[in-house]
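Notes follow once the structure below has been shown.
Read the figures in this text as sums done on the coordinates, not as results from a lab. Computed from a prediction, not measured in an experiment: that's the story for all the values here. Here the Cβ positions follow ideal geometry from the backbone for every residue, glycine too, while neighbour counts run over all protein chains shown.
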Amino acid sequence: MKLVKKSKEIPVKLMATAPQVQVPVEVEGSTIPLPSGPHGRGGEPDLQYGPYLEAVNHLLVKDRYQRLLEAVGSRLHRVVSVDEIDYLEIRSEKHGTCYHVACVDVCVSGQKVPFAVNVAATPRAREQLARDFRLLKTLNKRYDYNFLPKVYFKGAGSYRERGKPAKWLHMFVAEWFRSFHEFHLHREDVSGSKRILLWDPDRKAGYLSEDQCQELYRQAARILTLYYNYNNFRQIYPWHHAAGDFVLKKDRGKVDVRLITIRDYGSVVDFTTRKKAAKLLGLILFFLHLTIQMRIDRLDGVGQVVWAEDHCLQGTVAGFFAGLAQGEKENWKNMPSAGEIRELFCRFSREEWLQLLMKMLESYKFSQEELSLISHHGDNHMDCLRGLLVSSK
């Protein structure tokens, strides 16, 4: 492909990702409007591929690529100069409820180093963008895990559409998890059953096996549990599978999970005391929400709200206790052991669990569609949960 010279030093390719293909924007897509995300435009301004990708490039070239070079150097653990950069490839990738997401491949002496660029086009999205950047930076500094993307810098790029006033798109640059993809429940055409479909454009068949699904939910639950603070009730919340918050890599039958966005991190319960009983109740409510929320998705990410099969619950419970066991050794003080908490859970009667479920529904927010789903499946969910806790003692 012919490279477009965007500066004295570094050529850039502008690309639009479509199903099974990547289209050069400078040839075919410069005035095509970007998709609006899963819930329609909702007041979001129309953006075109060409000016949008040029705005991303505008952020990257500022200060003679200084902040981009620092980010590349951080990824490669060495100083990187402009002369080493062969070219940039900027591709539109995702268009969600809050952000448009582009992937930037920086080719350094033949090696591609990928970055994600989250782009906000509305005032509400800009507020979320700033909060997301701050929380990712804070949590990565506080916890020595690799489940969240590292963030490097934020700023704004100039969006210039022919015949219209220029405007600024706010964005931040973060780590791109290569080979990780969204996944959603999908209804099979033949059987009508709901299965997890991995959105990997390089694979013809992206369904996960039941064991892989169980491992997916185990890892996701473990991640959220590790970031839960037992002493002050702070947690990653809200999160949702329908929004693509978690991504997955499947390689040689094994799955690996990451969490790519943090909308907020705070206390969900409104307890004014931090006595032992309150801390335990906060943890119980976190656990119950985890078991319920893990089961909720939208068909293909945008369709009707649906409920995952019971193997989801097996993985979620296993991941919660794995997170407790790891967290109590690394971060938490004065918390009962994972074994003691399991013993406590096993002592609750069915009626007590149902009362705790009602308390959880008062503390955490669900849509009317989700509440209807929980009402329909709730009793069976609690029976399965109690059976799992007892059988895994």
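Structure notes:
- The phi torsions of the stretch 223-240, fed into the Karplus equation with coefficients 6.51, -1.76 and 1.60 and a -60° offset, translate into couplings of 4, 5, 5, 5, 8, 6, 9, 4, 7, 10, 6, 6, 7, 6, 6, x, 8, 7 Hz, rounded to whole numbers, with Gly and Pro shown as x.
- Taking E340, E70, E309 as the candidate residues, the one with maximal mean-square fluctuation in a Gaussian network model of the chain, Cα springs under 10 Å, is E340.
- Entry note, the stretch 178-263: relative contact order of 29 percent, from Cα contacts under 8 Å with a spacing of 6+ residues.
- Helical mean residue ellipticity (222 nm; -39500 (n - 2.57) per DSSP H run of 4+; nearest 500) of the chain: -13000 deg cm²/dmol
- Modelled spin labels at R386 and Q368, positioned 7 Å past Cα toward Cβ, are 3.2 nm from each other.
- Placed amide H near H240: partners under 5 Å, 5+ positions off or other chain: D245
- Straight-line reach from K250: taking Cα to Cα under 13 Å and skipping same-chain neighbours fewer than 8 places apart, the aspartates and glutamates in range are E182, D200, D202, D211, E215.
- Note on L53, L34: ascending count of other Cβ atoms within 10 Å places them as L34, L53, the fewest first.
- Distant-in-sequence amide H partners of V306 (H built 1.01 Å from N, under 5 Å): D297, R298, L299
- Listed pairs K249/K279; K254/K365; K94/K137; K13/K164 exceeding 27 Å between Cα atoms: K249/K279; K254/K365
- Extension reserve of the A277-H377 stretch, reckoned as 0.36 nm per residue once the Cα distance is removed: 33.1 nm
- Model label zone, E188; criterion: amide N under 16 Å from point 7 Å along Cα-to-beta-carbon; scope the stretch 206-246: 206-214
- Relative packing of peptides 232-244, 249-261 - highest average C-beta neighbours within 10 Å first: 232-244, 249-261
- Hits among aspartates and glutamates - C-alpha to C-alpha of K141 under 17 Å, sequence gap 8 or more where chains match: D132, E175, D264, E330
- Placed amide H near Y159: partners under 5 Å, 5+ positions off or other chain: K167, W168, L169
- Couplings 3J(HN,Hα) of the stretch 276-289, computed from phi: 4, 5, 5, 5, 5, 5, x, 5, 4, 5, 4, 4, 5, 4 Hz, in residue order, whole Hz [Karplus 6.51 cos²θ - 1.76 cosθ + 1.60, θ = phi - 60°; x for Gly and Pro].
- Note on N146 and E84: their simple-model spin labels are 2.0 nm apart, each label 7 Å out from Cα toward Cβ.
- The value of relative contact order for the chain, using C-alpha pairs under 8 Å at least six residues apart, is 12 percent.
- For the stretch 348-354, the Karplus equation 6.51 cos²θ - 1.76 cosθ + 1.60, evaluated at θ = phi - 60°, returns couplings of 6, 7, 4, 5, 5, 5, 5 Hz by residue, with Gly and Pro reported as x.
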